[in-house]
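Structure, as structure tokens:
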Amino acid sequence: MKNKFPWISMLVVVLGAITMIVPFLDMVFTSFKGPSELKSVYYVLLPKTFHFDNYKEAFRNMNMGRLFFNSIVVSLSVTISVLFTSTLAGYALAKLNFPGKNTTFKIILITMMFPAFLFLIPNFYIVTHFPLVGGNNLFGEGGSGLATSQLALILPFAVSGFGIFLMRQFILKIPNELIEAARIDGASEFRIFWQIVTPLTFPALATVAIFTFIGQWNEFIWSLLIYTVNSDLATLPVGIQMLQSSLDPTRTRALVSAAMTISVIPVFLLFVFLQKYYIQGFLISGLKE
């Protein structure tokens, strides 16, 4: 049905775009403001003078190189792990027949209903009492376990219920005839998965990659908990929070905005390069049960 009032749709889109972009612009422009502008009772979006020293001071007060390294390593490791495990599990749940298949899928869906903070204490107990590492004995006692290594930031997020669900939904769209033809030709299940199924799932993989990378890049509570054990494992969200709590309040806002502007660049670039696959993945993966 043709829209009789296209201007209403355009107005909604424009208002939505403004609502989304104004806070981002405020963060960027605030990072260039001086102390006098931040103390002013009148709000002005554009700074009168661009103070690039805010970025230098943010770097000087933060070990930005270490924070970036930790965030990149952890986010990429978690993303790669989630992509691999989600695709494997999604393929098994979509195209293989085995006892308990439907029950397994339902359990995975149930795990998505629990808030993440419920697993903080169990996960912390597991990583700190992991046997035979970090000074622990066979029974997980005597040391710090994995809590002093980057594995503590990676392992709790290495598998994603949402990723498995999305990949399963997408792989269901792949014709069974294609897989059966490969089996008749003598291809192993892993070869079918790796050479036939995986290349066809790129839109869904891009969607899972964006969600996982952004979620892990912005993850704060678990990273803060591990930071209390080993401060060398601080990520960007933790470093920005430490910056905010350790400086003069009159300078905090501009420096924190500068640090946040820097930290958003990798996420912005990732979304720009993968956005078309992100949209395509959502449109296709939800069409079939």
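Summary of values
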read-out: Residue check for THR111: buried (at least 17 other Cβ atoms within 10 Å of the Cβ) and in contact (Cβ under 8 Å) with a residue 12 or more places away in the chain; value: no
read-out: Filtered residues of region 114-149 (kept if at pLDDT 85 or above, in contact with a Pro (Cβ under 6 Å, 6 or more places away or on another chain) and surrounded by 13 or more Cβ atoms within 10 Å (Cβ to Cβ)); value: ASN123
read-out: Which listed residue is over 29 Å from PHE59 (Cα atoms) and free of Cβ contacts under 8 Å to residues at least 60 places away in the same chain, from ILE192, ILE214; value: ILE192
read-out: Evaluation of ALA94 against (1) under 31 Å from the mean Cα position of the chain (by Cα); (2) farther than 30 Å from ARG191 by Cβ (one fails), failing number; value: (2)
read-out: Single match in PHE52, PHE69 (criterion: free of Cβ contacts under 8 Å to residues at least 40 places away in the same chain, under 30 Å from GLY163 (Cβ atoms) and surrounded by fewer than 16 Cβ atoms within 10 Å (Cβ to Cβ)); value: PHE69
read-out: Residue check, LEU120 over 19 Å from PHE213 (Cα atoms) and touching a residue at least 24 places away in the same chain (Cβ under 8 Å); value: yes
read-out: Any hit, region 158-167, residues being under 20 Å from LEU224 (Cα atoms) and at pLDDT below 90; value: no
read-out: Total residues in region 98-108, condition surrounded by 13 or more Cβ atoms within 10 Å (Cβ to Cβ) and among the polar types (S, T, N, Q); value: 1
read-out: Leading residue by the ranking (nearest to SER257 (Cα to Cα)) among those in region 21-37 that are loosely packed, with under 15 Cβ neighbours inside 10 Å and at pLDDT below 85; value: PRO35
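The values are calculated or read from the model by the stated rules, or taken from the named source; none is laboratory data. Keep in mind it's a predicted model, so treat the numbers as computed, not measured. With ideal geometry, Cβ positions are generated from the backbone for all residues, glycine too; neighbour counts draw on all protein chains shown.
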